[in-house]
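See below for the structure under consideration.
The values are calculated or read from the model by the stated rules, or taken from the named source; none is laboratory data. Please read all numbers here as calculations on a predicted model, not as lab measurements. Here the Cβ positions follow ideal geometry from the backbone for every residue, glycine too, while neighbour counts run over all protein chains shown. Note: areas computed on protein heavy atoms with side chains; ligands, DNA, RNA excluded. Shrake-Rupley method; radii C 1.70, N 1.55, O 1.52, S 1.80 Å.
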Amino acid sequence: MTRIVYVNGSYVPEHQATVSIFDRGFLMADGVYEVTSVLDGKLIDYAGHMKRLDRSLDQLAISNPLTVPQWLELHRRLVRDNNISNGIVYLQVTRGNPGDRDFKFPSKDVVPTVVAFTQSKPDLANPPAVEVGWKVISIPDQRWARRDIKTVQLLYPSMGKMMAVHAGVDDAWFVEDGNVTEGTSNNAYIIVRDKLITRQLGNEILHGITRSAVIQFASESGLQIEQRPFSIQESLSADEAFVTSASAFVMPVVEIDGQSIGNGSPGRLTKKLRETYLARMRQSAI
Ligand code: PMP
């Protein structure tokens, strides 16, 4: 089956979808994106992703080209037309095509470019990695300083992922000024006794939609929440560690820089948080 994608108002087979070479997303990474998971054909934490999309666009002074109902229709139609049971919907909005290359933002008449597509991931909710947990390495955080905006400028995170691949592990945790900021494409956490520790919100990290739900569920389950910087050294002496993202949900981390966390297998509280997260999100999925 040919995948049907969305480009600037049209639903077309993927090979027919085109964007100009002058698009600022292509030339300057001048654009933002969102990824929403789909479980059993329904959108997970959709409202949160749409809210963050608005915030990212607002920070870059790009006006949102679609209305609230149009975004929902787009998501539902792509899920339906591509028969997605489990997977993701990726959307991207760029500042559009000014017809030439120039550092200055074009006038407001240039319409933003919108593309969106699905990726089917049958084992999204139960990937084999959850049973063993991820191994990560720490690497310097060399991204730009506005990581709170979900831009398509993902070169350094890609390089970080390749450093992980070359080191034979699953992912990398970024470290800045001696503390962990986040993973290449996820937020990072440690658990020490009954305390869940994760970096506070700021420009240094993406404000994860999964993070916000997981903190709420953790707090309801009786964990104390500490939102503050933590180091790799503190992580190595933690009882458990994990990461969160819209597509990995809650993923245990069992090793950092070759050293085991706890007993080297996914932690009990991490597993519980993952189960709670999935159960609650399935209940509120739309
Ligand atoms: N941090 C970074 C750098 C990310 O790329 C992502 C996922 N896009 C996250 C955190 C997790 O955010 P969310 O839970 O909204 O997917």
Using a 1.4 Å probe over the heavy atoms of the protein chains, calculate the carbon and sulfur portion of the accessible area of the range 129-284 as a whole percent. 49 percent
Per residue, how much accessible area does the chain have with a 1.4 Å probe, in Å²? 47 Å²
Average projected area of the Cα convex hull of the range 226-286, in nm²? 5.0 nm²
Return a whole-number percent for the relative contact order of the chain, with Cα pairs under 8 Å and 6 or more residues apart as the contact set. 19 percent
Where Rh is the Kirkwood radius over the Cα pairs of the range 79-175, the temperature 25 °C and the viscosity 0.890 mPa s, what D in µm²/s does Stokes-Einstein return? 144 µm²/s
Taking the chain as a Gaussian network, where each spring joins two C-alpha atoms under 10 Å apart, which residue of D45, D239, D109 fluctuates the most? D109
Rg over Rh, two decimals, the range 129-284 (C-alpha only, Kirkwood Rh): 0.93
Rg/Rg_globular for the chain, with Rg_globular taken as 2.2 N^0.38 Å and Rg from C-alpha atoms: 1.02
For a test of understanding, tell me how many lysine pairs in the range 54-171 have Cα atoms under 30 Å apart, given they are 8 or more places apart or on different chains. 8
Top positive-direction residue, dipole computed over the chain with Cβ charges, set F22, N82, I232: N82
Based on the mean of other Cβ atoms within 10 Å per residue, sort peptides 25-35, 260-270 so the most packed one is first. 25-35, 260-270
DSSP bridge orientation in the chain - percent antiparallel, rounded to nearest 5: 80 percent
Stokes-Einstein D for the range 18-87 (10 °C, 1.306 mPa s, Kirkwood Rh from Cα pairs), in µm²/s, comes to 117 µm²/s
Whole-percent carbon and sulfur share, accessible surface of the range 4-120, 1.4 Å: 53 percent
What three numbers, in Å, describe the spread of the alpha carbons of the range 4-120 along their principal axes, ordered from the longest? 44, 31, 20
Students sometimes get this wrong: rank V5, V110 by accessible area, probe 1.4 Å, all chains present, largest first. V110, V5
